[in-house]
Amino acid sequence: MKEILSLDHVSYTYESVEGESRKAVDDVCFTVWEGEWIAIVGHNGSGKSTLAKLMIGLLFPEAGKLSVFLEELNTENLWDIRSRIGMVFQNPDNQFVGSTVQDDVAFALENNGVPFEQMVPRVHDSLAQVNMEEFLDHEPHHLSGDKNSGWLLQVHLQCVPSF
Ligand SMILES: Nc1ncnc2c1ncn2[C@@H]1O[C@H](COP(=O)(O)OP(=O)(O)OP(=O)(O)O)[C@@H](O)[C@H]1O
Ligand SMILES: [Mg+2]
């Protein structure tokens, strides 16, 4: 099994302009292997979002080591690694860019330089995989919560080269 993500004694502290500090992630270690589905649960303010931001390099650990696809995440490899991972935010409505579901999936492919003739079948195939082919021409804002999360996940899967 391939290692996808690993955190080795990762810590992160927010520093406010007033000089106050708040430790949000404290000495966290875990590994995620290919094919695993992992849920991180915890009470409000326990550091879940901070952990997610560390995983995609919106923040960098103050201590410890965070590796994605066996490479330690840094400012040099950040964009390459980000092209292989995706994030569905708490409120999917904030992530829509296209006027229809298929436009939005195609937008992700276009950003990754996929030629037009490959886009059409990929959009159809990927939406079929999440049972959403019938929603191709629907407006994203009018989908129910579970549908728009599923479809956003699909947008991200489209961006992953190994998909
Ligand atoms: N930008 C920030 N500046 C200072 N402190 C912050 C900042 N963002 C988060 N924190 C603090 O860091 C801690 C962890 O916050 P975080 O948002 O990671 O928690 P969470 O588990 O995602 O919470 P929630 O369940 O409410 O989404 C909290 O004490 C929070 O107040
Ligand atoms: Mg959060």
Once label points are set 7 Å from the Cα along Cα→Cβ at both Glu62 and Thr31, what is their separation, rounded to one decimal in nm? 2.8 nm
Which whole number in µm²/s is D for the stretch 3-82 by Stokes-Einstein, with the Kirkwood Rh taken over Cα pairs at 4 °C and 1.567 mPa s? 98 µm²/s
Roughly how many nanometres apart are two label points built 7 Å out from the Cα toward the Cβ at Tyr14 and His138? 3.5 nm
Within-11-Å neighbourhood charge of Phe69 [Cβ basis; K, R +1; D, E -1]: -3
Net charge around Glu117, counting only other residues with Cβ within less than 15 Å of its Cβ (Lys, Arg = +1; Asp, Glu = -1)? -1
Using only the Cα atoms, what convex hull volume per residue in Å³ does the chain have? 145 Å³
Given H placed 1.01 Å from N in the peptide plane, which residues other than close sequence neighbours of Gly86 have an amide H under 5 Å from its amide H? none
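Bear in mind these aren't lab numbers, they're just calculated from the coordinates by the rules spelled out. Quantities reported herein were computed from a predicted structural model and do not represent experimental measurements. Here the Cβ is made from the backbone with ideal geometry for all residues, glycine too, and neighbour counts use every protein chain on show.
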